[in-house]
């Protein structure tokens, strides 16, 4: 039975392509043409249909929004970060959607200086995103990268912090990334190619016209993205070029920015490395010499090719990063799926760990811009502990809580419980599942449960706090994160087994986690909701096809679902680099494997879960036509009367709305759909 209301569909001719002996027909290829008025009309009809189908939930949406906003301290201030004699911080004000960026001298009674008010800058722009925010080393200038439509084509603006005026210096169509040279008058930025691949780094002198800017690094290889950043020591600007399997880094002397950069190590197949600097040494996080879970090596600055082992690879320990300061280094490691901080004093090589108490948590090392310091700042959070900013004294081995996010309305963490489970996968792997719920929990299968996952690019979803999520927990929901293969939660092998010809593991892991939670009576199939976005939206599309009737509802945000068609078109942003992630369907073997799971290609005639699909028409990472085509194809094949809703943001990109209030409204809409399809219809 079709949906009770069906948006109109344009009658345009399908495309036909023969690939590896198969004729591929795409009935909805016409939806790629955003300039076609019929496409816009179709998207607006889908939005109108979604609004009509969700009309009865508007009081619930308003209640959820009011709850979530009521937990947030709207007038709030970050813990200041020291840079030389200045303290930098941002603050928020009630009723204002964006942060206000400020600084003051580190002296008693010093006055606040507002260096950038994003609220004022965003006036007249429904969308306003910063892709870069860098203060010059002399503290005289602020460089910004601004995006006002969501397509991530950034515009460079430079503000003189002494006068408060913006300079004439500007450049457009830029990518993420900025770095200052030591002189405070030289700035490095990146441009992108036609497929939005960051391919070039430029040097700009303040006061010069863009036409005079100098290209200092160009990488023509379509598999590689370039990057630029300044070392914490201030000695170097790092020019990097990275694919998913190989890396190359060049050193540019920050004190002599016109000198030619020096290569650290040439790129090699399947060898990755990341560089930091301290004193006379370069420290390299790398997987070379078979260190699959990475190790740390170092080389003299004067001779980068002479590498020696500093921290060897160890069984069961995944080394994620190394951050070097003048007197010590912090290594970010992961064991048993959880992050820990290893602190090593450089003079003695003595090491110790910073420990954390809860069974599931996340910890993030903050920017820590000061090189000559005895403390590090990190933010700790768990599924029941709000973001907590700590300063850790390396010598005394003590931590000081500087701030814990205040949750208004009487939040009591003792009312909730966190568990860490290991769900058995069908091939014998054990998949971690982090979950939180309001106590007590009677495991009788009656609780609704949201199961979330991402499962790609080695990205790890940390089990951290969300005050908005309390609106689900307080209505009886269990919230669970499946740490499926494709992420690096359990080390590099966990990632490798969930990409390319192992991608099906990601989907099967998620299904197996869902079945385990049902079997263990945390929930039941008629109360189980799947949620994921972007590459996690690919996961949602695959499990909608593969999961049978396990999932009652599916929420797919900005989903990457038209895998083969996108991977065949190298003109689409990100495509060429991602051949190392998914495979190139021009290869018969890769095509055959992708054909097994690509959600758009595997839409079948039959029943599907209740589904909410979201996207943004300016999305440069997952083009809007992917979810639009997928929904259109589902409408013609599904045989049930379950809701299938497409919510298309007509003025945003991959991340959705930028203002904090609009983001809360988007969350309220999503939660209203979940609640309506589980509790309200139980």
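The values are calculated or read from the model by the stated rules, or taken from the named source; none is laboratory data. Because the structure is predicted, anything quoted here is derived from the model rather than measured. Counting neighbours? That spans all protein chains shown, and the Cβs are built from the backbone with ideal geometry, glycine included.
Values for this structure:
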{"quantity": "Tally of residues being touching a strand residue (DSSP E or B) at 6+ places or on another chain (Cβ under 7 Å) and part of a loop (DSSP other than H, G, I, E, B) across the range 259-304", "calculated": "11"}
{"quantity": "Where a residue in the range 455-469 is under 26 Å from residue 438 (Cβ atoms) and its partner, wherever it lies, is at pLDDT below 95 and part of a loop (DSSP other than H, G, I, E, B), with Cβ under 7 Å and at least six apart", "calculated": "463/360"}
{"quantity": "Residue count for the range 35-50, restricted to those that are buried (at least 20 other Cβ atoms within 10 Å of the Cβ) and either in contact with a strand residue (DSSP E or B) (Cβ under 7 Å, 6 or more places away or on another chain) or on the phi > 0 side of the Ramachandran plot (or both)", "calculated": "3"}
{"quantity": "Residue selected from the range 645-660 under the condition touching a strand residue (DSSP E or B) at 6+ places or on another chain (Cβ under 6 Å) and assigned to a loop (DSSP other than H, G, I, E, B), by the criterion surrounded by the fewest Cβ atoms within 10 Å (Cβ to Cβ)", "calculated": "658"}
{"quantity": "Filter result (farther than 24 Å from residue 662 by Cβ and in a loop (DSSP other than H, G, I, E, B)) within the range 84-113", "calculated": "84, 85, 106, 107, 108, 109, 110, 111, 112"}
{"quantity": "Check on residue 168, closer than 29 Å to residue 114 by Cβ, over 24 Å from the mean Cα position of the chain (by Cα) and in a strand (DSSP E or B)", "calculated": "yes"}
{"quantity": "Unique residue being closer than 24 Å to residue 375 by Cβ and in contact with a helix residue (DSSP H, G or I) (Cβ under 9 Å, 6 or more places away or on another chain) when the list is 89, 101, 65, 128", "calculated": "101"}
{"quantity": "Of all residues in the range 468-495 being more than 22 Å from residue 547 (Cα to Cα) and in contact with a helix residue (DSSP H, G or I) (Cβ under 7 Å, 6 or more places away or on another chain), the one that is surrounded by the fewest Cβ atoms within 10 Å (Cβ to Cβ)", "calculated": "475"}
{"quantity": "All strands (runs of 3 or more DSSP E) inside the range 392-449 with 3 or more residues being outside the structural domain of residue 479 (by TED's automatic domain parsing) and either under 15 Å from residue 382 (Cβ atoms) or at pLDDT 95 or above (or both)", "calculated": "398-404"}
{"quantity": "Test result for residue 184, in a loop (DSSP other than H, G, I, E, B), at pLDDT below 95, at positive phi and surrounded by fewer than 20 Cβ atoms within 10 Å (Cβ to Cβ)", "calculated": "no"}
{"quantity": "Subset of the range 453-472 [closer than 27 Å to residue 579 by Cα and part of a loop (DSSP other than H, G, I, E, B)]", "calculated": "453, 454, 455, 456, 457, 459, 460, 461, 462"}
{"quantity": "Helices (runs of 4 or more DSSP H) wholly inside the range 487-564 that include at least 2 residues being more than 25 Å from residue 420 (Cβ to Cβ) and in contact (Cβ under 8 Å) with a residue 24 or more places away in the chain", "calculated": "535-546"}
{"quantity": "Top-ranked residue in the range 253-273 [being over 31 Å from the mean Cα position of the chain (by Cα) and exposed (fewer than 13 other Cβ atoms within 10 Å of the Cβ); ranked as nearest to residue 241 (Cα to Cα)]", "calculated": "260"}
{"quantity": "Unmet requirement for residue 523, which otherwise passes all of (1) at pLDDT 95 or above; (2) surrounded by fewer than 24 Cβ atoms within 10 Å (Cβ to Cβ); (3) closer than 19 Å to residue 677 by Cα", "calculated": "(2)"}
{"quantity": "Residue tally, condition closer than 17 Å to residue 562 by Cα, assigned to a helix (DSSP H, G or I) and touching a residue at least 40 places away in the same chain (Cβ under 8 Å), over the range 19-53", "calculated": "3"}
{"quantity": "Residue in the range 114-121 that is in a loop (DSSP other than H, G, I, E, B) and in contact with a strand residue (DSSP E or B) (Cβ under 7 Å, 6 or more places away or on another chain) present", "calculated": "no"}
{"quantity": "Count of the range 63-83 residues which are touching a residue at least 60 places away in the same chain (Cβ under 8 Å) and loosely packed, with under 14 Cβ neighbours inside 10 Å", "calculated": "2"}
{"quantity": "Residue within the range 620-632 that is modelled with pLDDT of 95 or more and under 28 Å from residue 475 (Cβ atoms) present", "calculated": "yes"}
{"quantity": "From 392, 380, 416, 411, residue being surrounded by 12 or more Cβ atoms within 10 Å (Cβ to Cβ), touching a residue at least 24 places away in the same chain (Cβ under 8 Å) and out of contact with any strand residue (DSSP E or B) (no Cβ under 9 Å at 6 or more places or on another chain)", "calculated": "411"}
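The rows are residues; the columns are (1) farther than 20 Å from residue 280 by Cα; (2) surrounded by 20 or more Cβ atoms within 10 Å (Cβ to Cβ); (3) under 21 Å from the mean Cα position of the chain (by Cα).
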| site | (1), (2), (3) |
| --- | --- |
| 308 | no, no, no |
| 315 | yes, no, no |
| 330 | no, yes, no |
| 346 | no, no, no |
| 349 | no, no, no |
| 353 | yes, no, no |
| 356 | yes, no, no |
| 372 | no, no, no |
